[in-house]
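Engineer: Before we start, here is the structure in question, set down as structure tokens.
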Amino acid sequence: MNRRRVLSWAIALCCSGAAVAQTQGAYPNKPVKFVVAFAPGGPADIIARLLGQRLSDSLSQPVVVENRAGAGGNVASGLVAKAPADGYTLMLNTSSFAVNASLSKNPGFDAEKDFVLASVVASSPNLLVAFPGLKAKTLQEIMSEAKSGKLNYGTAGAGTTPHLTAEYLFKVLGKVDVTHIPFQGAGPALAATMGGQVELASVALPAAVEMVKGGKVRGLAVTSAKRVAAMPEVPTVAESGFPGFEDYTWVGVFAPSKTPPEIVNFLNAEIGKILRTPDFQSKLAGVGFEPVGGTPKEAGDYLKSEITKWSKIIKETGTKVE
């Protein structure tokens, strides 16, 4: 999936609103709920609030954001899987959804059968940060310190892509033992790093941009192919001694699988219109995101490829849910 631009819509959806009105009544005719799979301050929450405000204007209905954190996003997924499939309860989740398809043995839902991915909204690289008082200043120095002493790192939870990114980097590439400490969101993980309760954190970049700029945590390395404009002083993982390393976290809007296609297509089209506006793209860039977009079919195909990718990484790292 091209992360540098919004994908062109392959299916004409200009009549989707009329189709929804004909088959479902005047959708939407009441508030729409965004169930966010993580705590406030993380990538899913940031996108939910940015998108929710614009979608509320577009739909002429309030979009209510509700954070239901826990189990690496599985708590929200379990709730939304059982919600009425009427387009009024949607989930904002990250690429951890694709990870959990292999990582969680009994999550209480089927990732591929119980949901439809209406749109991949945006993506962002992951970021490794450190407690400002930590002696090691670079990723290579972190690797050296980890060989002689015990270090730990926080994440938004087991099964998030920043978690798997760090496990692969430390265990497979660096061959060092760094202990994972899961939190219920990127915000709590960063707060613990800022306070020195954990030495490191691996998070999606948008959650940490302002904290790095403010010196509250130290940016060690970003997982994009090139340095990001929001933090040009932070090197890439590839620059830090691991050539070719590249990884991203994405955020998508999910609906229960039995949601009528007319509603899914309608939501996809409305989100697409928002993603194509320069002002919204600017707001995304300001917090380290890039718009993605695409049709529901493209989103579904991408989700399948992500499930395959992360399944392989889980096997390589030996990652298990505690």
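Engineer: Kindly provide the GluC sites (Glu not before Pro) of region 97-188 that DSSP labels as loop, not H, G, I, E or B, and whose Cβ sees at most 15 other Cβ atoms within 10 Å.
Structural biologist: Details: sites: Glu112, Glu141, Glu145, Glu167; in loops: Glu112.
Taking region 97-188 and a limit of 15 other Cβ atoms within 10 Å, the loop GluC sites (Glu not before Pro) found are Glu112.
Engineer: Keeping all protein chains in place and using 1.4 angstrom, which order do His163, His180 fall into by accessible surface area, from largest down? Numbers along the way, then the final one.
Structural biologist: Working: His163 5, His180 40 Å².
Accessible-area ranking of His163, His180, largest first: His180, His163.
Engineer: Determine ³J(HN,Hα), in whole Hz, for all residues of region 209-216 in sequence, where each value follows from phi through the Karplus function 6.51 cos²θ - 1.76 cosθ + 1.60 and θ = phi - 60°; x replaces Gly and Pro.
Structural biologist: With the stated coefficients, region 209-216 comes to 3, 5, 5, 5, 4, x, x, 6 Hz.
Engineer: Of Lys105, Lys137, which has the most accessible area with a 1.4 Å probe, and how do the rest follow in descending order?
Structural biologist: Values: Lys105 185, Lys137 105 Å².
Order by accessible area, largest first: Lys105, Lys137.
Engineer: Another question, then. Can you find, among Gly72, Gly318, Thr259, the residue sitting farthest towards the positive end of the charge dipole of the chain, where Lys and Arg contribute +1 and Asp and Glu -1 at Cβ?
Structural biologist: Sorting the options by dipole projection puts first Gly318.
Engineer: In nm², what is the average projected area of the convex hull enclosing the Cα atoms of the chain? Kindly include the intermediate steps, with their values, before the conclusion.
Structural biologist: Working: hull surface 59.5 nm².
It is 14.9 nm².
Engineer: Can you work out ³J(HN,Hα) from phi for every residue in region 287-303, in order, using Karplus 6.51 cos²θ - 1.76 cosθ + 1.60 and θ = phi - 60°, giving whole Hz and x for Gly and Pro?
Structural biologist: These are the phi-based 3J(HN,Hα) values: 10, x, 9, 10, x, 10, x, x, 7, x, 5, 4, 5, x, 5, 5, 4 Hz.
Engineer: In terms of the Cα gyration tensor, with a ≥ b ≥ c the square roots of its eigenvalues, is region 123-225 rounded because a/c is under 1.5, prolate because a/b exceeds b/c, or oblate?
Structural biologist: Verdict is rounded for region 123-225.
Engineer: Which residue fluctuates most in the GNM of the chain (Cα springs below 10 Å): Val253, Val36, Val75?
Structural biologist: Val75
Engineer: What trypsin sites (Lys or Arg not before Pro) in region 182-235 are in a loop by DSSP, with at most 14 other Cβ atoms within 10 Å of the Cβ? Don't skip to the answer; put the middle values down first.
Structural biologist: Values: sites: Lys213, Lys216, Arg218, Lys226, Arg227; in loops: Lys216, Lys226, Arg227.
Here the sparse-neighbourhood loop sites are Lys226.
Engineer: Label Arg276 and Lys147 with points 7 Å out from Cα along Cα→Cβ: what is the distance between them in nm?
Structural biologist: Each label point is offset 7 Å from its Cα along the Cβ direction, giving 5.3 nm.
Engineer: Next up: What GluC sites (Glu not before Pro) in region 204-276 are in a loop by DSSP, with at most 10 other Cβ atoms within 10 Å of the Cβ? Can you show the working numbers first?
Structural biologist: Details: sites: Glu210, Glu233, Glu239, Glu246, Glu262, Glu270; in loops: Glu233, Glu239, Glu246.
Of the GluC sites (Glu not before Pro), the ones in loops of region 204-276 whose Cβ has at most 10 other Cβ atoms within 10 Å are Glu233.
Engineer: Taking every DSSP beta bridge that has both residues in region 108-252, what percent is antiparallel when rounded to the nearest 5?
Structural biologist: On the way: 14 of 22 bridges.
Restricted to region 108-252, the bridges split so that about 65 percent are antiparallel.
Engineer: To the nearest 10 degrees, how steep is helix 139-148 against the longest Cα principal axis of the chain, on a 0 to 90 scale?
Structural biologist: Computed tilt is about 60 degrees.
Engineer: A further question follows. Which angle between 0 and 90 degrees, to the nearest 10, do you get for helix 261-275 versus the longest principal axis of the chain when only C-alpha atoms count?
Structural biologist: So the helix axis and the longest Cα principal axis differ by about 60 degrees.
Engineer: Which of these, Ala238, Ala186, Ala229, has the largest mean-square fluctuation under a Gaussian network model of the chain (Cα springs below 10 Å)?
Structural biologist: Highest fluctuation among the options: Ala229.
Engineer: While we're on this one: How would region 234-322 be classified by its alpha-carbon gyration tensor: rounded, prolate or oblate, with rounded meaning a/c under 1.5 and the a/b versus b/c comparison settling the rest?
Structural biologist: Values: a/c = 2.88, a/b = 1.32, b/c = 2.18.
Note, shape of region 234-322 comes out oblate.
Engineer: Would you mind calculating the relative contact order of the chain from Cα pairs under 8 angstrom and at least 6 residues apart, reporting the percent as a whole number?
Structural biologist: Numbers: 697 pairs, mean separation 92.0, N = 322.
About 29 percent, as a whole number.
Engineer: So what does the Cα-only Debye profile of region 171-266 read at q = 0.21, 0.23 Å⁻¹, as log10 I(q)/I(0), no solvent term?
Structural biologist: The Debye formula, applied to the Cα set alone, gives -1.13, -1.29.
Engineer: Then there is this: Quick one: which residues, 5 or more positions from Ala118 or on another chain, have an amide H under 5 Å from its amide H? H modelled 1.01 Å from N in the peptide plane, none for Pro or chain starts.
Structural biologist: Val253, Phe254, Ala255
The values are calculated or read from the model by the stated rules, or taken from the named source; none is laboratory data. From a predicted model like this one, the values you see are computed outputs, not experimental measurements. Cβ coordinates were reconstructed from backbone atoms using ideal geometry, including for glycine residues, and neighbour counts include every protein chain displayed. What goes into the accessible areas is simple: the full protein's heavy atoms, side chains included, and nothing from ligands, DNA or RNA. Shrake-Rupley method; radii C 1.70, N 1.55, O 1.52, S 1.80 Å.
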